[in-house]
Amino acid sequence: MDINDIKWLREQTGAGIMEARKALQDADGDREKAKLLLAQRGAAGAAKRAGRVASQGLVEAYIHAGGQLGVIVELDSETDFVARMPEFKQLAREIAMQVAATNPRYVTIEEIPEDEAARMKAVFREEAIKDGKEKFADKIAEGQFQKLAKEWALLEQPHIRDDTRTIKQLVHELAAKTRENIIVRRFARFQIGG
């Protein structure tokens, strides 16, 4: 195993020396495979940390279109050390820009009120029946609602700069790298005349 491989892997992932070495050993020296292994291990660790309290963080403001549109995002972490990292601030900025561009209504799908979800499903069900698909109306309504919910929920949206990843994936990637629970707590979007 080459020290340059370990160095490269650490630069790419932020992993410690021993972690990078172990991942390279497990991947038989394949850098990309080792990077993927570290990402998977980090995601598993992030899931374990999800219940931990994230009471530190920052509020990021983004102003766009000559002062016609503004967004404020609260991004929280477990420690102020992580909240001061440039990568943390960059993630908060990316999320603020996402909110400015896509105007989501909620942070997560779970935040959508049940009465609103029921109302939307009823509308989609009626449309399916009108289209002569009564037999599958409930499944169609649920599918249409899930599609709409992913547009409404910030964390489910594809990232505006890289549509192969969702905002949730960006948050999980940084959580895996920092080994802390990171949460998009809330956001507000303001637009002149809107």
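What follows draws every value from the coordinates through simple rules; no lab data is involved. Only a predicted model underlies this, so the values are computations on that prediction, with no experimental measurement involved. Backbone-built Cβ (ideal geometry, glycine too); neighbour counts: all protein chains shown.
Summary table below
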{"item": "Some residue of region 104-114 being in contact with a Gly (Cβ under 6 Å, 6 or more places away or on another chain), of a type outside the set (A, V, I, L, M) and touching a residue at least 40 places away in the same chain (Cβ under 8 Å)", "result": "no"}
{"item": "One residue from Phe124, Phe145 being under 22 Å from the mean Cα position of the chain (by Cα), in contact (Cβ under 8 Å) with a residue 12 or more places away in the chain and surrounded by 15 or more Cβ atoms within 10 Å (Cβ to Cβ)", "result": "Phe145"}
{"item": "Residues satisfying the stated conditions in region 157-194, i.e. basic (Lys, Arg) and in a helix (DSSP H, G or I)", "result": "Lys168, Lys177"}
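Quick grid of which residues meet (1) among the aromatic types (Phe, Trp, Tyr); (2) in contact (Cβ under 8 Å) with a residue 40 or more places away in the chain; (3) surrounded by fewer than 20 Cβ atoms within 10 Å (Cβ to Cβ); (4) touching a His at 6+ places or on another chain (Cβ under 8 Å):
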{"site": "Ala117", "(1), (2), (3), (4)": "no, no, yes, no"}
{"site": "Glu134", "(1), (2), (3), (4)": "no, no, yes, no"}
{"site": "Ile140", "(1), (2), (3), (4)": "no, no, yes, no"}
{"site": "Leu154", "(1), (2), (3), (4)": "no, yes, no, no"}
{"site": "Arg161", "(1), (2), (3), (4)": "no, yes, yes, no"}
{"site": "Ala175", "(1), (2), (3), (4)": "no, yes, no, no"}
{"site": "Arg185", "(1), (2), (3), (4)": "no, yes, yes, no"}
